[in-house]
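Here's the structure, in structure tokens; my notes come after.
The values are calculated or read from the model by the stated rules, or taken from the named source; none is laboratory data. Note that the structure is a prediction, hence the values are computed from the model and not measured. Cβ sites come from the backbone with ideal geometry, for glycine too, and all protein chains shown count toward neighbours.
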Amino acid sequence: MNPDALRGHMDALLLSVLERGPLHGYAIIEALQERSGGVLNVPTGTVYPALRRLERIGHLDSEWATVGGRKRRTYRLTESGRKQLEGERSAWREFAGVIGSVLRADVRPSSSG
């Protein structure tokens, strides 16, 4: 998938993955890959800065936890993050509907005039 296609949607993807429960960074990357059927292979250099930004604005909380014998930063969705995710989903449905109607091959131009 073209990495530019993800631009502007990373927050929604991260919030959505964390909706199911807290995860550490690498588990978030794995969840994105799994939920996309292996299509999304998002680099850590994209994910970690986005997680820190989402935490700074209050959509995520984090804490250090020991996972598999290693200390990892685990992220979880806040109430603000849940509200943001609902807004992102609504905006996505609207966007996808508009783009879908433009790209549909069966639409015929209206005659004006």
Legend entry - Flag for GLU34 being of a type in the set (Asp, Glu), part of a helix (DSSP H, G or I) and either at pLDDT below 95 or in contact with a helix residue (DSSP H, G or I) (Cβ under 7 Å, 6 or more places away or on another chain) (or both): no
Inset, instruction - Residue by residue through segment 65-92, note down the ones that are loosely packed, with under 10 Cβ neighbours inside 10 Å and either within 13 Å of ALA12 (Cβ to Cβ) or modelled with pLDDT of 95 or more (or both). - result: GLU79
Legend entry - Filter result (among the aliphatic types (A, V, I, L, M) and either within 10 Å of the chain's Cα centre (by Cα) or not in a helix (DSSP H, G or I) (or both)) within segment 1-27: MET1, LEU6, MET10, ALA12, LEU13, LEU14, LEU15, VAL17, LEU18, LEU23
Inset, instruction - Restrict the check to segment 86-101 and report whether at least one residue is of a type in the set (Val, Ile, Thr) and not in a helix (DSSP H, G or I). - result: no
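Collect the residues in segment 46-64 that are touching a residue at least 24 places away in the same chain (Cβ under 8 Å) and either over 13 Å from ALA27 (Cα atoms) or touching a helix residue (DSSP H, G or I) at 6+ places or on another chain (Cβ under 6 Å) (or both), keeping them in residue-number order.
Start the filter on segment 46-64 by keeping residues that are touching a residue at least 24 places away in the same chain (Cβ under 8 Å), which leaves 46-47, 50-51, 54, 59-60.
Across segment 46-64, the qualifying residues are THR46, VAL47, ALA50, LEU54, HIS59, LEU60.
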